[in-house]
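To keep things clear, I will list the structure first and then write my remarks on it.
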Amino acid sequence: MVRYKKSEEKRKQILFAAFQALSELGYDSVTLQTIADHAGVSKGVVHYYFDSKEAVLVELLEWLTGKISAKEQAAVREQQTAAGKLAAYIDSAFPGPAKNRTFYRVYLDFLSRASRIPVYREINQRFYDNCARISTEVLTLGQQEGIFAEELSPDTTAPVIRAIIDGCLIQWLMTDNDKLHAVFKESCYTAIMKVLSV
């Protein structure tokens, strides 16, 4: 039992190191050696847990998107109203400049390859499916409460909600200005409310 726990901790340490390396260096510059250096272990230790750089990165994308989804779902679950759920969803997606910058630098690297690498596309689709479930929950509750337009379909509206969130965060990232983070977060909320409101 202790051995399993230690190996899982080491695996997570390597994944976190890969995340840091990707954020700092970019996809093409990351090697198993740079991952090992960031983890403070030998390249052999990384090889013990992962067969290749690709194996590390596939698991990293799965781990990252799963972690983000779980955090967003937990935040939304704590709220009782549609407006509260939407605000919690956006708050969770905008945790702060440093976290958003690190995540989106890595995530955009993966997205740029998802159209050509099926496993990345599949992992990302699962992430977007989870996002759609959250958006659908917010929308349908708001329709029941009478604050969101009844004619909106979850199938077509849910992806738009995530598109606005990702779009605002990417636009903020390109400004390279931490002070604008709150401005883009507020704009995101306003834009989604315009899409949803009666």
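Within the range 118-140, is there a residue that is out of contact with any helix residue (DSSP H, G or I) (no Cβ under 7 Å at 6 or more places or on another chain) and under 21 Å from Val30 (Cα atoms)? Within the range 118-140 (the criterion being out of contact with any helix residue (DSSP H, G or I) (no Cβ under 7 Å at 6 or more places or on another chain) and under 21 Å from Val30 (Cα atoms)), the answer is yes, since at least one residue qualifies. For Ala88, indicate whether it is under 20 Å from Ile161 (Cα atoms) and surrounded by fewer than 15 Cβ atoms within 10 Å (Cβ to Cβ). No; evaluated as a whole, the condition is false for this residue. Residue by residue through the range 100-137, note down the ones that are among the charged types (D, E, K, R) and closer than 21 Å to Val56 by Cβ. Passing the criteria: Arg105, Asp109, Arg113, Arg116, Arg121, Glu122, Arg126. Could you check how many residues of the range 38-65 are open to solvent by less than 40 Å² (accessible area, probe 1.4 Å) and either under 17 Å from the mean Cα position of the chain (by Cα) or among the hydroxyl-bearing types (Ser, Thr, Tyr) (or both)? Qualifying residue count, the range 38-65: 6. Scan the range 151-198 for residues that are touching a Phe, Trp or Tyr at 6+ places or on another chain (Cβ under 6 Å) and at pLDDT below 95 and the total you get is 0.
When the range 73-108 is filtered for residues that are outside any helix (DSSP H, G or I), closer than 22 Å to Val183 by Cα and touching a residue at least 40 places away in the same chain (Cβ under 8 Å), the ones remaining, listed by number, are Phe94, Gly96.
Residue count for the range 144-185 satisfying the condition of being touching a Lys or Arg at 6+ places or on another chain (Cβ under 8 Å) and not in a helix (DSSP H, G or I): 0.
Given the condition at pLDDT below 95, in contact with a Phe, Trp or Tyr (Cβ under 7 Å, 6 or more places away or on another chain) and under 20 Å from Ala21 (Cβ atoms), answer yes or no: does some residue in the range 97-105 qualify? Within the range 97-105, not a single residue is at pLDDT below 95, in contact with a Phe, Trp or Tyr (Cβ under 7 Å, 6 or more places away or on another chain) and under 20 Å from Ala21 (Cβ atoms).
Name the residue, out of Ile192, Ile165, Ile123, that is touching an Asp or Glu at 6+ places or on another chain (Cβ under 6 Å), buried (at least 16 other Cβ atoms within 10 Å of the Cβ) and touching a residue at least 60 places away in the same chain (Cβ under 8 Å). Write out each step before concluding.
Details: Ile192 fails: touching an Asp or Glu at 6+ places or on another chain (Cβ under 6 Å); Ile165 fails: touching an Asp or Glu at 6+ places or on another chain (Cβ under 6 Å).
Exactly one residue qualifies, and that residue is Ile123.
Filtered by the rule that a residue be crowded, with 20+ Cβ neighbours inside 10 Å and within 15 Å of Phe110 (Cβ to Cβ), the range 12-37 gives Leu15, Ala18, Phe19, Ala21, Leu22, Val30.
When the test is whether a residue is surrounded by 13 or more Cβ atoms within 10 Å (Cβ to Cβ), in contact with a Lys or Arg (Cβ under 9 Å, 6 or more places away or on another chain) and more than 30 Å from Val58 (Cβ to Cβ), Leu141 passes it.
Over 15 Å from the mean Cα position of the chain (by Cα) and among the hydroxyl-bearing types (Ser, Thr, Tyr): is that true of Ser69 in this structure?
Values: over 15 Å from the mean Cα position of the chain (by Cα): no; among the hydroxyl-bearing types (Ser, Thr, Tyr): yes.
Spelling it out, it is not the case that Ser69 is over 15 Å from the mean Cα position of the chain (by Cα) and among the hydroxyl-bearing types (Ser, Thr, Tyr).
The values are calculated or read from the model by the stated rules, or taken from the named source; none is laboratory data. Keep in mind it's a predicted model, so treat the numbers as computed, not measured. Here the Cβ is made from the backbone with ideal geometry for all residues, glycine too, and neighbour counts use every protein chain on show. These area figures cover heavy atoms from the full protein model, side chains too; ligands, DNA and RNA do not enter into them. Shrake-Rupley method; radii C 1.70, N 1.55, O 1.52, S 1.80 Å.
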